[in-house]
């Protein structure tokens, strides 16, 4: 039997971005331990990635990643590029990027400075003061994505 790959749609990225942003906030705000702050940063970065992918699909008028096969941005959904927030940001179509305010650009600048694998694997251990701006930036990108796609 052939392996069935999941279909990644604009809606699935949209929903995941919103869930991961809520999880990041919950991890940051409630438990007071280092593990939760590490998790908050990781969830914030995943939320931003999903938000950018939803915006990218929306801007390309594609419903799913499969709709992009063979196109110039299909590579942004695979491999290491698929996790690179700056690559995803740069892959957004002009009309989408033009809708970004200084707040979204600042959020991207903030998030791009985070080292996702160092946070994911606990090499960097952010205190609340370092984790908070990352969570806030991810929330801003998710809010912006929500405004774009709804």
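The values are calculated or read from the model by the stated rules, or taken from the named source; none is laboratory data. These numbers were taken from a predicted model, which means no experiment stands behind them. Counting neighbours? That spans all protein chains shown, and the Cβs are built from the backbone with ideal geometry, glycine included.
For (1) modelled with pLDDT under 95; (2) more than 26 Å from residue 30 (Cα to Cα); (3) within 16 Å of the chain's Cα centre (by Cα); (4) not in a loop (DSSP other than H, G, I, E, B), each residue gets a yes or a no:
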| position | (1), (2), (3), (4) |
| --- | --- |
| 67 | yes, yes, no, yes |
| 72 | yes, yes, no, no |
| 82 | yes, yes, yes, yes |
| 123 | yes, no, no, no |
| 126 | yes, no, no, no |
| 130 | yes, no, no, yes |
| 135 | no, no, yes, yes |
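Against the definition (out of contact with any strand residue (DSSP E or B) (no Cβ under 9 Å at 6 or more places or on another chain), farther than 20 Å from residue 68 by Cβ and buried (at least 21 other Cβ atoms within 10 Å of the Cβ)), how does residue 18 come out, yes or no? Considered against the rule, which asks whether it is out of contact with any strand residue (DSSP E or B) (no Cβ under 9 Å at 6 or more places or on another chain), farther than 20 Å from residue 68 by Cβ and buried (at least 21 other Cβ atoms within 10 Å of the Cβ), residue 18 comes out as no. When residue 66 is tested against (1) in contact (Cβ under 8 Å) with a residue 40 or more places away in the chain; (2) in contact with a helix residue (DSSP H, G or I) (Cβ under 6 Å, 6 or more places away or on another chain); (3) surrounded by 13 or more Cβ atoms within 10 Å (Cβ to Cβ), exactly one condition is not met: (2).
Could you go through segment 35-58 and let me know if any residue there is in contact (Cβ under 8 Å) with a residue 40 or more places away in the chain, within 17 Å of the chain's Cα centre (by Cα), farther than 19 Å from residue 115 by Cβ and outside any helix (DSSP H, G or I). No, segment 35-58 contains no residue that is in contact (Cβ under 8 Å) with a residue 40 or more places away in the chain, within 17 Å of the chain's Cα centre (by Cα), farther than 19 Å from residue 115 by Cβ and outside any helix (DSSP H, G or I). For residue 138, the conditions (1) farther than 17 Å from residue 17 by Cβ; (2) buried (at least 16 other Cβ atoms within 10 Å of the Cβ); (3) touching a residue at least 40 places away in the same chain (Cβ under 8 Å) all hold with the exception of (1).
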